[in-house]
Each structure stands twice: as C-alpha cells, then as structure tokens.
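K.L.:
Sharing a structure, written as structure tokens. Questions coming.
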C-alpha cells in the first residue's frame, strides 16, 4: 500500500515519540547507576554521568545481601520453571487434543485464575503453608510459584501443542507406535522449543514476583531479590539513589537477557494461545 | 518418517477437523492431568474456597482463642468502612485511568508497528523492556524519574522554564496521576503485543480493496481494521481492567499507598489489614467484594464479545 510522504513523516514522528516514552525511564536508571555521589546530589542532574563510576555497585553489595538474595531468587525461579513445565505439558496436551469436560474445566480455570485478587488467595495460602511448616521457606514459595505460573504455562503450551499436527501422531500410530512412544518420539521433539520458551517465561515471572515473596518470606536470609531491593528505600521513603539504581539495574539483567533471546518465541506462544483459545 | 497408508483424513482439505473425542473413559488421560491438577486443587482452588469461608469468620493472626463463625458481620462492617470504599474508588479510578490511555497508546503503537517503518525493530525491542522488568524495579526507576531534586522530570521542567517542579509522589493532588502514568508505561507492552497479533490476523486484501475504493485512513480503520480487532481488543481491555484493579507491587514501591491514602489501592488496603493488623477474616471479606466486582466486569465484557461474534 502506498502512503503519502506527509503521512509517512507523521508516522515517524509518532514512532520517535513512542521510542522516547519507552526508553527514557530506563536510560535514566542506567545513568543514575553510574553517577558518583557529587553528581547525584547536584540540583541540575545530567543525562550522561560526567565522571562515571562503579562505586554504586560496590556500595549496593555492601549495603544489602544482594548475592544471597539473587541466589534465593534463582532457586525459586528455576524450581518453579522446571516443575511448572513438567506438570503443565501433559495437561496442556490433554487440553489441546481431547475435548473432555475436564479439559474444558481446565480452560475455564485458566481464564478465571487471571482474575483472582491475590489477597483472597494469600491469606488461606499463608495459613495452609503455616500448617505444612512451609512458611518462610523457599520451598513453600516455589510451590506457590508453580501453581501461580500454571495458567500461563498451560495457555502457551496448549497453543504449541495445537501447532503440532495431530496427523503426525496418527501416522505414527498407523506405523504401529504405541501411545507413549508416539508422545515421546514424535510429539515431544516438536514441542521442545515451545516447552523451553514456556519454562523461560515461567522463570522470568517467578524471578520478578514480589507480592507472594513479601508475604511468605520473613527472615532476611530467605528473601528474594525484589523484596531485598525494597530495603534500599528507607522507612521514610528516603533512598540512597546511586546504589538503589545500581541494584535495580542488576536485578533486571536476567529477565532482559531471557526476553531478548526469546522475544519472538514468547510473543508467538502468547499469540498462539490467545488466537486459538 | 514415511506414512505407508495415506488415510483420507490427512488430506489437506480435511486437515482442520475438530480434535478427537476420546478421553472421558480413557484412564491414561488422568495420568497426564493429575500432576497439574493436584497442586491446582490444593494450592489454588482450595485456598480460594477457604478464603471465602474465612470471610465469614473472625479469623486473626496469632490469636490463641479459636476462630468463630460470625456470619455476614464482616460484610456489614465493610459496608460502613469509609476508608475501604475510598480505597475502592481509588482502585476504580486507577484501573480505568491506566487501562484507557494504555489501550489508546498501545493501539497507536501497534498500528505503527504494523506499518513498514524503518525503526520498527527498535520499537519492538524497546516495547519488551517494561515487560521484562520486575515491577519493583519499574517502581524504583520511576521514583528516580520523579525524584524532586535529582529526578529528570523536574530538571526537564526547569530547563523548559516551566517552574521549579515539585515532589510528584508526595503531593496530595499529583500522587495518583503520577502513579497512573507509571501504570500506563508498565502495561503497554502486553497490550501492544496482543493488539499487534490481532492486526496481523486482519486480511490484507480487505485493506487493499478498501484503499482502491478510495477509503481514507480513518474509514479503513473503522470498516476493516476495527471489526477484525474487536474481539482481541475487548479481551485485553477486560483483562487489563482486572489486572490493574488487582495491582500491588508497583504502587507499593512508588508510594506505599500514600500520601494520606490517596494511592491506597484495594490490594494495598487488604494487605495492610491482613498482614499488618492481622485481620484475616475482614481482609478475606474485602477479597470477596473485589471478586464480585471483577466478576461483573468479566460478565459485561464476555457478553460484549459474544454479541460481537453474532454480528460478524
């Protein structure tokens, strides 16, 4: 389709405005992270630090147990991603291939669970986990993350399963392969990239999660990165800006890397789930 | 793998048939479903029902006397709790105030990204950034932007000669608009991706036919793009309204509900009630009221979506 030059110029102006709106807070975070205290205190802040320094990063690690918190986050997010995908893949397969009442109920739950206000879940969950002695433990948090990431995992995986033609499975069955063999040697390899994308997405959501971690983890040694980050903001909301920015930037890196690698797959998965449900 | 017998059902014409109707009595299905079903029932459906039960009790944290059934007393109290209704009102203002601009901006961006523009890849990459960031980091980042002295917002205003700026997040009048801007920014990517997916499902030929017929951009949007986009737009708007109404981390980090409760969303209110004051039963009742409101939003939008389907 041909577009007139004036319209095209307007489109580029709009695109530029969007780029600035999307990028400027992040660039400001970066700039603040590398600024020495004197420049941070100045009443006329500059976009680009005149004397960039890594001191904020060192100070951030000294002020809060960042490494330990990152390890906690990593354990909870990895555990959640692996377990979620292990239990979600078979269920997603059933939801995609069979129209049983159970599969329909599961699809309904996927939609409805998006609408839960977590406060209604968290209080009973708190009591249940307390009874199971899983309160203030990473294992308990990981369990919660598994269930919490299941709706999205199912959503994505159902889309990926539907993208695998059922005819391939039928062909294998005609060839005399049993049900299990068909699943393992025909379906699973075709699903593998989708499963990996789902796992990484579950990892990122768990890595970023805050509310459950805030409520369920009390002792500082157990807390995850997002919770520890809020400790940089003092009780009165006064923060040491440099270390705060440095720590916040570091906490974002893993998810940014995952998203950069997987951008296309994740959006495709979400779209596949959305369009076909 | 070669297929020795080419069954007629695998012909391309019939490739799109509905899924098989086995299952039901098929025991293998249960083995595939149980690993996910058990945690869902124990840690999601169970607690949800338990939460509804709790809202009819006087459950408190760390109390020694047993919890008693008190009927609808919590809900009666809630009815007269002006602070809760104020927070409810703030929650609605926030949900609509974030969702509407977010939708319009995301629609604009999606329409741009659907065009053949040069910097499209950069915009796509950038649109992912807010999505990948932990909400806590988004909150921290915008605190740096809004910082009264060292923040870039006030500095830009000073440079433009628009006054000396202010402390946006602590001002009674500015706090809610300031957090709404952050909410719009943080949720734009998901909305954009969803709308872009919807756009890419609209048939190109229709666009071209409309253009040949001499339809202007606005008419093409109204007659071709929007009808195709409507179902996606309605679903994402319903979800955004609900997600925003339920949001917590962003505002917790930005203002903790302050100043003077001006940004105290219902989730923040219920969180304080439950985990600061230990009023589990009362907070559960708040959760129930929120679920009721959310169900109404869902019902309205589902009805709208079904109606749209009949028109098409």
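The values are calculated or read from the model by the stated rules, or taken from the named source; none is laboratory data. The structure presented is a predicted model; accordingly, all values stated were derived computationally and were not measured. So basically every Cβ, Gly included, is an ideal-geometry build from the backbone, and we count neighbours across all protein chains shown.
K.L.:
Looking at A:51, A:44, can you tell me which residue is more than 27 Å from the chain's Cα centre (by Cα) and facing chain B (nearest Cβ under 7 Å)?
P.N.:
When all the criteria are applied, what remains is A:44.
K.L.:
Hey, can you tell me all the residues within segment A:124-136 that are within 18 Å of residue B:249 (Cβ to Cβ) and at the interface with chain B (Cβ under 7 Å from one of its Cβ atoms)? Outline the logic, then answer.
P.N.:
Of all residues in segment A:124-136, those within 18 Å of residue B:249 (Cβ to Cβ) come to A:125-126.
The answer is A:125, and nothing else.
K.L.:
While we're on this one: Give me the helices (runs of 4 or more DSSP H) completely within segment B:79-196, filtered to those with at least 1 residues that are away from chain A (no Cβ under 13 Å) and within 24 Å of the chain's Cα centre (by Cα), ordered by residue number. Before you say what the answer is, go through the steps one by one.
P.N.:
Values: elements: B:82-114, B:120-132, B:135-146, B:152-159.
Once the helices (runs of 4 or more DSSP H) in segment B:79-196 are filtered for at least 1 residues that are away from chain A (no Cβ under 13 Å) and within 24 Å of the chain's Cα centre (by Cα), what remains is B:82-114.
K.L.:
Of the conditions (1) modelled with pLDDT of 85 or more; (2) closer than 14 Å to residue B:44 by Cβ; (3) crowded, with 19+ Cβ neighbours inside 10 Å, residue A:116 clears all except one; give me its number.
P.N.:
In the conditions (1) modelled with pLDDT of 85 or more; (2) closer than 14 Å to residue B:44 by Cβ; (3) crowded, with 19+ Cβ neighbours inside 10 Å, residue A:116 misses (1) alone.
K.L.:
Next question. Hey, does segment A:91-100 have a residue that's in contact with a helix residue (DSSP H, G or I) (Cβ under 9 Å, 6 or more places away or on another chain), at the interface with another protein chain (Cβ under 9 Å from one of its Cβ atoms), within 30 Å of residue B:43 (Cα to Cα) and not in a helix (DSSP H, G or I)?
P.N.:
Yes: one or more hits.
K.L.:
What is the residue count in segment A:1-34 for residues that are at pLDDT 90 or above and assigned to a loop (DSSP other than H, G, I, E, B)?
P.N.:
Result for segment A:1-34: 1.
K.L.:
For the condition surrounded by 16 or more Cβ atoms within 10 Å (Cβ to Cβ) and within 12 Å of chain B (Cβ to nearest Cβ), what is the one hit in A:29, A:66? Lay out the reasoning, then the answer.
P.N.:
On the way: A:66 fails: within 12 Å of chain B (Cβ to nearest Cβ).
Only one candidate qualifies: A:29.
K.L.:
Continuing with the same structure: Confirm whether residue A:222 is crowded, with 24+ Cβ neighbours inside 10 Å and either modelled with pLDDT of 95 or more or within 21 Å of the chain's Cα centre (by Cα) (or both).
P.N.:
no
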